[in-house]
1. Taking the Cα centre of segment 171-377 as the origin and placing charges on Cβ (Lys, Arg +1; Asp, Glu -1), which of ALA184, GLY210, VAL372 is farthest toward the positive end of the dipole?
2. Just add up the charged neighbours of ILE316: K/R +1, D/E -1, any other residue whose Cβ is under 10 Å from the Cβ of ILE316.
3. With each label point set 7 Å from Cα along the Cα-Cβ vector, what nm distance links LYS377 and ARG253?
4. If we count other beta carbons within 10 Å of each Cβ, what is the order of ASP123, ASP41, ASP52, fewest first?
5. Can you sort HIS14, HIS130 from fewest to most other Cβ atoms within 10 Å of each residue's own Cβ?
6. Suppose every K and R has +1 on its Cβ and every D and E has -1 on its Cβ; what is the size of the dipole of the chain about the Cα centre, in Debye to the nearest 20?
7. So for the chain, taking the charge dipole from beta-carbon charges (+1 Lys/Arg, -1 Asp/Glu), which of ALA276, HIS229, GLY314 sits furthest toward the positive end?
8. Working from the alpha-carbon coordinates of the chain, get Rg over Rh, Rh being the Kirkwood radius.
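Derivation of every value follows stated rules applied to the coordinates shown; laboratory data play no part. Bear in mind that the values here come from a model prediction, so they are computed numbers and not experimental data. Cβ atoms come from the backbone with ideal geometry, glycine included; neighbour counts cover every protein chain shown.
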Amino acid sequence: MTPPRALRSAAVIHHGFAYGGSERVVVEQVRALASAGAVVDVWTPNEAGPDDLVPALKAIGPAVRDVGRLASEHEVRETMASRRYDVVVTCEVQRAYRAALSLGANPFRRRPPIVETVHERYDWNLLDEHGRKHRVVDAWMLTHDFRERLATRLRVPPDRMGIARPLFPESLLSPTAEDLAEAAALRASLGIAPGAVVLGYLGRVAENKGVHHLVPMVARMARDGLDVHLVLAGRTMPPGSGFHEELSGLVARAEAEEPRLVGRVHRPGTLRSRHAVYPAFDVLPLCSRVEGLLPLTLVEAMSLAIPVVTTDVGGIRELLRDDVDAAVVRKEPDDEAPPSPEVLGEFEGRLRRLVTDAALRRRIGDAGRARVRALVKGNDFTGDFLRVVELAMRARGRR
């Protein structure tokens with residue numbers, strides 16, 4: 001891909017630095033801009049929060065100039081004006097839209113081209129407060145193909161949309177012997193006996209990921225005599241939402257109703273290395289109500305031949321094949337609503353099959369590993385993203 005013309009400096013303005021799937025995209029956007037010869041700044045308007053993303057951004061190299069916070073619209077506007085960015089990449093940051101509109105209204109100041117990143121096709125992700133996005137965004141980067149929905153909701157013309165699928169080689173894991181030993185030690189530290197089946201999740205422990213649905217499922221499996229454990233690893237998100245307490249209460253009530261569940265639900269929090277966590281899992285369940293293209297936790301687990309059970313929301317239904325490379329449960333319609341009782345019943349049934357059938361786990365796991373590796377190999381995020389940047393720069397030049 002030929003780098004966009006005159007791309008000397010760029011900024012990425014994201015809503016936070018806590019690590020997750022959308023923040024993983026930020027890292028690759030910055031890497032792509034740096035590869036095109038730009039000096040890149042990364043900003044967030046959030047005054048406080050986890051800074052997991054900062055080391056990964058700085059590790060990209062000297063092309064990453066500043067990583068920090070711009071707390072006010074004034075700071076965002078003045079930074080845009082003084083640094084004269086050739087492009088600014090945003091993702092749901094109202095202060096950035098307001099700052100860009102303010103610059104655009106001043107004939108003596110230059111407003112940079114804006115690329116908006118859109119991860120999901122759901123209504124809440126396609127809101128446009130006071131029409132700011134429509135007025136300020138020059139090009140839209142989608143993580144999978146929901147162009148028709150974006151055109152309908154926000155009146156975006158086809159020539160200002162591009163797709164860059166977030167499938168990255170760094171998401172394919174290859175654990176070392178030390179990682180495997182650490183994973184075995186993790187199981188032992190949680191009191192998980194050899195031969196038990198571990199249902200493991202690693203990522204943001206959040207309501208939209210459906211982790212709370214897994215607790216009663218595991219309780220019923222324990223009641224039926226299955227030697228199964230549930231490990232929910234990661235930070236509870238969003239902080240202060242009360243979900244941590246809700247989940248704790250749910251586990252306590254389930255254990256009171258089914259004593260055989262006691263000692264089988266583990267919440268170890270944030271762990272040292274994902275490379276040493278996934279090998280402790282036998283199956284990865286993801287009962288999400290909404291998703292983007294393909295969740296990072298699925299890619300990472302499947303790259304290690306760990307079989308997954310997942311709802312088919314977002315881009316999952318486009319990429320994974322039920323009973324071939326994953327157990328994929330249909331959620332229809334694919335909207336913001338929680339999974340119905342029928343979907344949860346089907347999900348639990350598919351989970352039980354994998355818990356009780358080691359041969360099925362091996363078959364699905366091996367096929368899943370081949371599938372995600374082929375998807376990543378056939379993807380060019382950098383080239384696709386830089387084409388969207390070029391769209392924005394051309395569109396801004398015509399305005």
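1. Farthest along the dipole direction, towards plus: ALA184.
2. For residues surrounding ILE316, the net value is -2.
3. 4.8
4. ASP123, ASP52, ASP41
5. Lowest to highest Cβ neighbour count: HIS130, HIS14.
6. Details: 57 positive and 53 negative charges, 288 e Å.
That gives a dipole near 1380 debye.
7. Of ALA276, HIS229, GLY314, it is GLY314.
8. Details: Rg = 22.1 Å, Rh = 22.2 Å.
Result for the chain is an Rg/Rh of 0.99.
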